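A.B. asks: Structure provided below as structure tokens; questions to follow.
Read-outs: derived from the displayed coordinates by stated rules, not from any lab. Bear in mind that the values here come from a model prediction, so they are computed numbers and not experimental data. All Cβ positions, glycine included, derive from the backbone under ideal geometry; neighbour counts span all protein chains shown.
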Amino acid sequence: MLMLHCPYCGVDVDETELTPGGAAHLTRFGPESNDDAFEAYLFLRDNPKGVHFERWRHTYGCGKWFIAARCTVTLEVFGTYKAPCKAPPAHILDAIRARRPGVISAWSKAEGVA
Amino acid sequence: MKHRLKTGGRFVDRSAPRTFFFNGIKGKGYRGDTLASALMAKGQSVVGRSFKYHRPRGIVAAGAEEPNALVGLGAGAGHEPNQRATTTELYDGLRAESQNHWPSLKTDIGAVNGLLARFLPAGFYYKTFIHPRPFWKHVFEPFIRQTAGLGKAPTAADADRYEHFYAFVDVLVVGGGIAGLEAARAAGAAGARVLLVEQTAQWGGRTPVDIAGGAEAVAALLAELDAMPNVTQRTRMMGAGVYDHGFVLCYEQLTDHRPEAAGPRHRLWKIRAKQVVTATGAIERPLSFAGNDLPGVMLAAAARDYVENFAVAPGRRVVVVTNNDDAYRTALTLRAHGIDVPAVVDARQGGAGPLLEEARAAGIRVQLGAAIHKAKGRTRVDAVEIGAVTGGEVSETLACDAVAMSGGWSPVVHLWSHCGGKLLWSDAHAHFYPDPALPPTGRDGAAFVRAAGTANGVMRAHEAASDGAAQGQAAAAEAGFDAPEIVATPLETPDEAPMRPVWLMPEDADIGLREKMWLDFQNDVKVSDVQLAAREGFESVEHTKRYTTLGMATDQGKLSNINGLAILSQALNEEIPRVGTTTFRPPYTPISMGAIAGEARGETFQPLRCTPMHAWHAAHGAHWEPVGQWRRPYAYMRAGESVAQAVAREVKNTRQALGLLDASTLGKILVKGPDAGRFLDMLYTNSFSKLKVGRCRYGLMCSENGFLSDDGVVARLSDDTWLCHTTTGGADRIHAWMEDWLQCEWWDWQVHTLNVTEQYGQIAVVGPQARVALERLGGIDVSKAALPFMGWVEGTLGGVPVRVYRISFSGELSYEIAVPAHRALELWEALLAVGADLGVMPYGTEALHIMRAEKGFIMIGDETDGTVIPQDLGLDWAISKKKDDYLGKRAQQRPHMRDPERWKLVGLQTVDGTVLPDGAYAVGEGENALGQRRMIGRVTSSYHSPTLARGIAMGLVEHGPERMGEVLEFPGTDGTLYRARIVDPVFYDPEGAKQDV
């Protein structure tokens, strides 16, 4: 059972207090989008073996959504940050680089993030 | 007690006799006995029958790894099947029944399976599931149902209490043997908060039995731990499972050994530990020789445990057979207690270390390079045939009444493996042990589990003690404590010669012998079964396990794992580490269902949400319906009425006079802010930014996939404030949905949401007399002019502050009144008082459902099931054509969503007035791809309408709205064919005149 740090409450919380919300940093495609873009937005997920950015809601706490950067293999947590942002903050990327060299540059390239 | 020794027995207290009953027959033992030791003392050699062949089975082990001695304990509400006699502490009056036999333990008709063994090979079930099919149904299945299965399920509700318990520690040490005690001492000395748990009732593990001065060393360590306030020790507490990020489940048995005691029986501990030390010891392996499952054949260490700990002789003439030095201790112990040891049969040519000389000095004959070729006997071993370990004939037959076997020791790596710890193979010991380079890792990426002592592959006592201290110290350091240097208790351990893996005895055994060599006693898996599985292509150890049932059930790889792997790898011509092990899954040993449930049973299973009028409903005949965590009155029963009669009365009364509904459970979410209107326009399919203050509008919400998710009436309270009503079950979900979009997508929009569901009571006042009733209360003007249909006003009624919505879910003149929750009951009772001569009656959820169906209103969860879009339900009028976007709009543009073949909502009216079965399918011409009749629609809601005095229904039908008047056929599951005409879904007052008066 995971233990994640809620960046709003400032405390480590048990998974039982949280609701998972799937992959983070999706771009929404609406009525004007083409089928491929809409399909990718609604259905297609990377499901990486390794570093993953995922949404969690502190449902039985503050009710806020936050994002965890976590390794899906070892369950190592590189950090958590508040949901309102388009891409992971620099300190999270640095933390991942320190533990998983190479992963972030590949990820940034794929996501078009600097 | 013919096998009880005159003296000794570390655990038993001869001044405290205990009486027990086994299959109804009285037996005697002492405090400190286990049921197994008491049975053995009584001379009970057969304690159960095996699962598949129903062979007689005796006690093999002295601990949790026991595969055979499973019994049903207690009776009635206290009955529990499959309890291991070896871990069941004896108490006065204990009642145990042996299992898996019929009609009796002694005469078991299923033993005929043993004669049919060649027709019950590995994968028997899988093979007969396939063909011939009639054979399975008529021959095998009835027979297997009669004879298979372990134990009997209890028939009464569990009468005991259980609880959950939470703990947070720096270092959790699992296992109270020498390594665990040393680890706890080292971590405790560093100042860490330590919890040390031991699954048995005694501390010390094997050390007091096996090591000279061991008992004293353990006592001294315990005294040290007692003096440390930061260390907690608990016995009868098993480390059941290790999970992500340092979460550990432990299972504590509080009163199993003293059922008369008050308090919970079991406790499930949920522990968060910074560091975990698994000092879980090792388990001895059986040897594979023909007849190794006969009663009287047991593990060598268990044999000496029964002597040393319980003063019980496993036999009078005990042959010891081994491939390692440790079993010599058994020979020496037995001889020291006057038990005859005809021979130690050692598979190694070179024999043992100093223990060999000790055995010879004690006058014990040692046969080197030898093996048991066969154990003989019917319900107990009476002789063994001895010969060379490889090649050669049987050289002699030794009479005996017990065999003590040792195939080497396997570290208990279960807890290490649960959360991803990897294993290495030791050629020297022929076992898997934890790979320190690949431990389970925590959320910081660092190791959080350390194995210690024999569980870590450190097999000799003095080294295990040092390893325990070192691991305890390392764990404390990792948890942030400065650990002082600890010198482990010095122990005298004689040198040992290397063991020699011998997977078959003799190693060149023919098929006749291999068919009688058991690998897994509990599941009746033999050497020949694993070899057959390999020949049939089962190369993966996981597949072989499932095909043969090796290591299933309570065994979970404790006794059978390595021996089975070795046989499989030999058959595949592979190295054992390449074949690998099966997955170790929690719990380590079975835990009770009661402990898993804890306090969550009966009334405390889940919280009950109560409306302000809940107690009033209960006092006035409420027939309850669970709706999420709420209870809502389904109907209010009067004396002599059936439920259906009560519902019909409520419907008629509401339509003709006046009904009151407790609608407090409806979700109520405030949405406020400069961008609130824009936000609601995205959330709902229709437009809310244009709604005027003082007005209400019915709205639909869809998922991004386009499917209808929730509905309800939205009122605009002010320029920047809307109140959204949701379904009862949708309140929390929709609030979370709103927050999801506001926090994760449109976080720059200025909107605040608040779930105020429980802040208000809500009362629907419904029926032709509704206005009269409200006018009698006095306060707000509720006339049509002042409060038109779909409007709302705020003020007081009868002195109570209220907000009144002119909305109707019944088709009648209707007011929904929101009132502060603490005054809701007062208003409810005032309405009943002023309505008395108007014919007021409360009505329940079923009347509500019927009246909405009569009006053709959809219900989320009836007309919708996650695959239905608003357009299917004829709700196009509630979908804005002007908005560029709303959640679900893009999805609804997909071709399949616009397909004219989609089933559409219609009304259904049975030709003969009966009620259509809910969920029934309509069938049309032709067949589908599976050769079944083609389905062209289904019933989504169906009721008897008291108003119309006939069955009414709604359903989704292919081209439904274009087929008005057509009669469809609905085959019922009872064989009846129902016929119903397609009609308009609005059965009652289609003009809507009654609600707008």
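A.B. asks: Among B:L221, B:V242, B:V209, whose Cα lies farthest out toward the positive end of the dipole of segment B:207-263, if unit charges sit on the beta carbon of Lys, Arg (+1) and Asp, Glu (-1)?
C.D. replies: About the Cα centre, the residue reaching furthest to the positive side is B:V242.
A.B. asks: Taking 0.36 nm per residue of separation and subtracting the Cα-Cα distance, what length does fully extending B:E224 through B:K28 add? Provide the component values of the computation, followed by the final result.
C.D. replies: Details: separation 196, 0.36 × 196 = 70.56 nm, distance 3.69 nm.
Between B:E224 and B:K28, full extension yields 66.9 nm more.
A.B. asks: A further question on this structure: Where nothing but the Cβ of Lys and Arg (+1) and of Asp and Glu (-1) is charged, how large is the charge dipole of chain B around its Cα centre, in debye to the nearest 20? Intermediate values should be presented prior to the final figure.
C.D. replies: Numbers: 104 positive and 114 negative charges, 416 e Å.
Here the size comes out at about 2000 debye.
A.B. asks: Which whole-Hz ³J(HN,Hα) couplings does segment B:974-985 yield from phi under the Karplus relation 6.51 cos²θ - 1.76 cosθ + 1.60, θ = phi - 60°, glycine and proline marked x?
C.D. replies: Going residue by residue, I get 8, x, 6, 9, 9, 10, 9, 8, 6, 9, 5, x Hz, with x marking Gly and Pro.
A.B. asks: Can you list residues whose amide H is under 5 Å from B:L423's amide H, if they're 5+ apart or on another chain and H is modeled 1.01 Å from N?
C.D. replies: Answer set, sorted by chain and number: B:D435.
A.B. asks: Limiting things to C-alpha atoms, what are the Rg and the maximum Cα-Cα separation (Dmax) for segment B:628-744, in angstroms?
C.D. replies: That works out to 17.8, 57 Å for Rg and Dmax.
A.B. asks: Right, here's the next one. For B:R546 and B:W747, compute 0.36 nm times the residue count separating them, minus their Cα-Cα distance, and round to one decimal in nm. Could the numbers behind the result be given before it?
C.D. replies: Values: separation 201, 0.36 × 201 = 72.36 nm, distance 5.11 nm.
Stretched fully, the B:R546-B:W747 segment lengthens by 67.2 nm.
A.B. asks: Kindly state, as a whole number, the per residue volume in cubic angstrom of the convex hull around the alpha carbon atoms of segment B:401-444. List each step's numbers first, then the result.
C.D. replies: Working: hull volume 3.0 nm³, N = 44.
That works out to 69 Å³ per residue.
A.B. asks: Under a 5 Å amide H to amide H cut-off, with H placed in plane at 1.01 Å, what residues pair with A:G79 once short-range neighbours are removed?
C.D. replies: Counting only residues 5 or more places away or on other chains, the set is A:A69.
A.B. asks: Would you work out if segment B:191-246 is rounded, prolate or oblate? Take a ≥ b ≥ c from the square roots of the eigenvalues of the alpha-carbon gyration tensor; rounded if a/c is under 1.5, else prolate when a/b is larger than b/c, oblate otherwise.
C.D. replies: Values: a/c = 2.54, a/b = 1.39, b/c = 1.82.
Oblate shape, in that a/c is at least 1.5 and b/c is the bigger or equal ratio.
A.B. asks: Check B:D996: other-chain or 5+ apart residues with amide H under 5 Å from its amide H, H built from backbone geometry?
C.D. replies: none
A.B. asks: Which residue, chosen from B:L572, B:H620, B:F605, occupies the Cα position most advanced towards the positive end of the dipole of segment B:561-635, where the dipole is computed from +1 (Lys, Arg) and -1 (Asp, Glu) charges on Cβ about the Cα centre?
C.D. replies: Highest projection toward the positive end goes to B:H620.
A.B. asks: Return the whole-Å distance between the Cα centroid of segment B:597-654 and the Cα centroid of segment B:296-320.
C.D. replies: 63 Å
A.B. asks: For B:A153 and B:R95, what is the calculated FRET efficiency with R₀ set at 25 Å and r taken between the beta-carbons, to the nearest 0.05?
C.D. replies: On the way: r = 17 Å, r/R0 = 0.70.
Given R0 = 25 Å and the Cβ-Cβ separation, E is 0.90.
A.B. asks: Counting Lys +1, Arg +1, Asp -1, Glu -1, what net charge surrounds B:F21 among other residues with beta carbon under 12 Å of its beta carbon?
C.D. replies: Once all neighbours under 12 Å are counted, the net charge is +3.
A.B. asks: Have a look at the DSSP beta bridges in chain B and tell me what percent are antiparallel, nearest 5. Provide the component values of the computation, followed by the final result.
C.D. replies: Details: 131 of 179 bridges.
In chain B, DSSP labels about 75 percent of beta bridges as antiparallel.
A.B. asks: Can you divide the C-alpha Rg of segment B:503-626 by 2.2 N^0.38 Å and report the result to two decimal places? Numbers along the way, then the final one.
C.D. replies: Numbers: Rg = 25.3 Å, N = 124, 2.2 N^0.38 = 13.7 Å.
Normalised Cα radius of gyration, segment B:503-626: 1.84.
A.B. asks: For segment B:243-328, with the dipole built from +1 on Lys and Arg beta-carbon atoms and -1 on Asp and Glu ones, taken about the Cα centre, which of B:G296, B:Q253, B:F310 lies farthest toward the positive end?
C.D. replies: Towards the positive end, the residue furthest out is B:Q253.
A.B. asks: Which percentage, to the nearest 5, of the DSSP beta bridges contained in the protein assembly as shown is antiparallel?
C.D. replies: Numbers: 150 of 198 bridges.
Approximately 75 percent, going by the DSSP bridge assignments.
A.B. asks: When you have a sec, figure out the Kirkwood radius of segment B:1-110 from all distinct Cα pair distances and drop it here in Å to one decimal? Please report the intermediate quantities before stating the final value.
C.D. replies: On the way: mean 1/r = 0.0709 Å⁻¹.
It is 14.1 Å.
A.B. asks: Using each residue's phi in segment B:19-32, evaluate 6.51 cos²θ - 1.76 cosθ + 1.60 at θ = phi - 60° and report the 3J(HN,Hα) Karplus result to the nearest Hz, with x for Gly and Pro.
C.D. replies: My calculation for segment B:19-32 gives 10, 9, 10, 10, 6, x, 9, 6, x, 10, x, 10, 4, x Hz in order.
A.B. asks: Still on this structure: First check a/c for segment B:406-521, with a ≥ b ≥ c the square roots of the eigenvalues of its C-alpha gyration tensor; if it is under 1.5, answer rounded, and if not, answer prolate when a/b is larger than b/c or oblate otherwise. Display every interim value, and only then the final one.
C.D. replies: Working: a/c = 3.74, a/b = 1.76, b/c = 2.13.
Because a/c hits 1.5 or more and a/b fails to exceed b/c, segment B:406-521 counts as oblate.
A.B. asks: Considering every residue in B:243-256, what mean count of other chain Cβ atoms within 10 Å of its Cβ is obtained?
C.D. replies: Details: counts 4, 5, 10, 2, 5, 1, 1, 0, 0, 0, 0, 0, 0, 0.
Mean number of neighbouring Cβ atoms from other chains: 2.
A.B. asks: Using bins 5 angstrom wide from zero, how does P(r) for segment B:605-672 break down, in % of all Cα pairs?
C.D. replies: Histogram of Cα-Cα distances, whole percents per bin: 3, 15, 23, 22, 18, 10, 5, 3, 1, 0, 0.
A.B. asks: Taking 0.36 nm per residue of sequence separation and subtracting the Cα-Cα distance, how much length would be gained by fully extending the chain between B:R950 and B:D382, in nm to one decimal?
C.D. replies: Values: separation 568, 0.36 × 568 = 204.48 nm, distance 8.03 nm.
Length difference between fully extended and current span is 196.5 nm.
A.B. asks: Can you tell me the FRET efficiency between B:K422 and A:Y41 if r is taken as the Cβ-Cβ distance and R0 is 45 Å, rounded to the nearest 0.05?
C.D. replies: The value I calculate is 0.70.
A.B. asks: Given +1 on the Cβ of Lys and Arg, -1 on the Cβ of Asp and Glu, and no further charges, what dipole in debye does segment B:482-564 carry about its Cα centre, rounded to the nearest 20?
C.D. replies: For segment B:482-564, the charge dipole is close to 460 debye.
A.B. asks: If R0 is 60 Å, what FRET efficiency do you get for B:E536 and A:R97 from their C-beta distance, rounded to 0.05?
C.D. replies: 0.75
A.B. asks: Mind giving me the nanometre distance, one decimal, between the label points for B:E826 and B:Q932, set 7 Å out from Cα along Cα→Cβ?
C.D. replies: In this crude label model, B:E826 to B:Q932 measures out at 5.8 nm.
A.B. asks: May I pose another question? Show me, bin by bin at 10 Å from 0, the whole-percent P(r) of segment B:866-952 based on Cα pairs.
C.D. replies: 14, 34, 31, 18, 4
A.B. asks: I would also like to ask the following. I want to check the label-to-label distance for A:C85 and B:T7. Put each point 7 Å from Cα in the C-beta direction and report it in nm to one decimal.
C.D. replies: 7.6 nm
A.B. asks: Taking every DSSP beta bridge that has both residues in segment B:281-407, what percent is antiparallel when rounded to the nearest 5? Intermediate values should be presented prior to the final figure.
C.D. replies: Values: 12 of 28 bridges.
Roughly 45 percent of the DSSP beta bridges within segment B:281-407 come out antiparallel.
A.B. asks: Could you list the square roots of 5 times each eigenvalue of the Cα gyration tensor of segment B:294-425, that is, the equivalent ellipsoid semi-axes, sorted largest first and rounded to whole Å?
C.D. replies: 25, 18, 16
A.B. asks: Right, another one. With the calculation restricted to Cα positions, what are the radius of gyration and Dmax of segment B:559-625 in angstrom?
C.D. replies: My reading of the Cα-based Rg and Dmax gives 26.7, 77 Å.
A.B. asks: One quarter of the convex hull surface, Cα atoms only: what value does that give for chain B in nm²?
C.D. replies: On the way: hull surface 196.4 nm².
Its average projected convex-hull area is 49.1 nm².
A.B. asks: Still on this structure, I have one more. Determine the dipole magnitude for segment A:1-89: charges of +1 sit on the beta-carbon of Lys and Arg, -1 on that of Asp and Glu, nothing else is charged, the reference point is the Cα centre, and the result goes in debye to the nearest 20. Don't jump to the answer; show the numbers that get you there.
C.D. replies: Numbers: 9 positive and 11 negative charges, 51 e Å.
Charge dipole of segment A:1-89: 240 debye, to the nearest 20.
A.B. asks: Next question. Treat each spin label as a single point 7 Å out from the Cα along the C-beta direction, and report the B:A618 to B:E575 distance in nm.
C.D. replies: 6.9 nm
A.B. asks: Shifting gears a bit: Over all alpha-carbon pairs in segment B:893-997, figure out the percentage whose distance exceeds 17 Å.
C.D. replies: On the way: 3009 of 5460 pairs.
That tail contains 55 percent of the Cα-Cα pairs.
A.B. asks: Restricting attention to the alpha-carbon atoms of segment B:390-471, what are Rg (one decimal) and Dmax (integer), both in Å?
C.D. replies: 18.2, 62
A.B. asks: Now for a different question. Hey, can you rank B:962-972, B:551-561 by average C-beta count inside 10 Å, highest first? Before the final figure, lay out each step's value.
C.D. replies: Values: B:962-972: 14.9, B:551-561: 22.5.
Answer by packing, highest mean first, reads B:551-561, B:962-972.
A.B. asks: Another question, then. Would you mind checking segment B:698-734 for residues with the amide N under 19 Å from a putative spin-label position 7 Å along Cα→C-beta of A:L26?
C.D. replies: Residues passing the 19 Å test: B:701-710, B:733-734.
A.B. asks: Percent of Cα-Cα pairs more than 13 Å apart in segment A:30-95, please.
C.D. replies: Values: 1509 of 2145 pairs.
Tail of the P(r) past 13 Å holds 70 percent of the pairs.
A.B. asks: Reported to two decimal places, what Rg/Rh ratio describes chain A when computed on Cα atoms with Rh from the Kirkwood expression? Walk me through the numbers before you get to the answer.
C.D. replies: On the way: Rg = 14.6 Å, Rh = 15.0 Å.
Looking at chain A, the ratio lands at 0.98.
A.B. asks: Using the Cα gyration tensor of segment B:728-811, with a ≥ b ≥ c the square roots of its eigenvalues, what is the shape: rounded (a/c below 1.5), prolate (a/b larger than b/c) or oblate (neither)?
C.D. replies: Values: a/c = 2.61, a/b = 2.40, b/c = 1.09.
In terms of gyration-tensor shape, prolate.
A.B. asks: Another one. When N counts the residues of the protein assembly as shown, how does its alpha-carbon radius of gyration compare numerically with 2.2 N^0.38 Å, as a ratio?
C.D. replies: 1.16
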